[in-house]
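Inspection log for the structure reproduced underneath, given as structure tokens.
The values are calculated or read from the model by the stated rules, or taken from the named source; none is laboratory data. None of the values given here were measured: they were computed from a predicted structure. Here the Cβ is made from the backbone with ideal geometry for all residues, glycine too, and neighbour counts use every protein chain on show. In case anyone asks, the SASA skips ligands and DNA or RNA and just uses the protein heavy atoms, side chains included. Shrake-Rupley method; radii C 1.70, N 1.55, O 1.52, S 1.80 Å.
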Amino acid sequence: IKAARPEAATWDADELRTALTWLRDKRKDEHFALWQVFAFTGMRRSEALALRWKDINTKTQRISIRRAVNTVDWSKTKTVKTGSPRVIDIDEETLKALSKYKIARAELSFSLVKPDAFVFADENGLIRSPDAVTSLWARRVLWLIDAYPDMERVNIKGLRHTHATLLLELGVHPKVVQE
């Protein structure tokens, strides 16, 4: 008998708000926009890391997901898991976090904010290692738990599940959440 996978740990809306507010305001986390995108879009790790600035439309408040990082050779991208690109609506708060992040990136180098540049690239404009991003998040969660001992440890995939769970709780149709 195949053992059942343990359920992914998730946060409720208040816990998510607490975590993101703490990361933004107390820790002044330079990667806050990435965590915000994960939490407010339900995007996969490989999709977020393959985003380019041209994929973010500030006028329509949408992100086009066209590619994902190839996890075998993370210096390259591939088509998304489902095989077809999709569009995600983003809220004003996430758009604001991305705009602030873009300004910080431009202060490092204008090449980091060109339309073809990866949004969450490293300082050299290269795709970040997905495993390195997972480690960055895990470290932040440990810091968060030090500040809020009652918080549960949630991994990056847990942020995706948190997003889906919160949408379902708000009455969004399951098919819409799935897509």
Which residues, counting only those in region 129-158, are among the hydroxyl-bearing types (Ser, Thr, Tyr) and open to solvent by 50 Å² or more (accessible area, probe 1.4 Å)?
134, 135, 148
Only residues in region 140-154 that are closer than 16 Å to residue 27 by Cα count as the first member; pair them with residues that are part of a loop (DSSP other than H, G, I, E, B), Cβ under 6 angstrom, at least 6 apart or cross-chain, and list the lot.
141/153; 144/151; 145/151
Restricting the search to region 18-51, which residues are under 19 Å from residue 114 (Cα atoms) and either open to solvent by 50 Å² or more (accessible area, probe 1.4 Å) or of a type in the set (Gly, Ala, Ser) (or both)?
33, 48, 50
Selection from region 109-128 of residues out of contact with any helix residue (DSSP H, G or I) (no Cβ under 7 Å at 6 or more places or on another chain) and exposed (fewer than 13 other Cβ atoms within 10 Å of the Cβ) yields 110, 122, 124, 126
Could you say which residue among 98, 142 is modelled with pLDDT of 95 or more, closer than 18 Å to residue 63 by Cα and among the aliphatic types (A, V, I, L, M)?
98
Name the residues in region 72-94 that are surrounded by 14 or more Cβ atoms within 10 Å (Cβ to Cβ) and either closer than 13 Å to residue 38 by Cα or modelled with pLDDT under 90 (or both), would you?
74, 80, 88, 90, 94
Just to check your reading of the model, which residue among 46, 111, 75 is hydroxyl-bearing (Ser, Thr, Tyr) and within 13 Å of the chain's Cα centre (by Cα)?
46
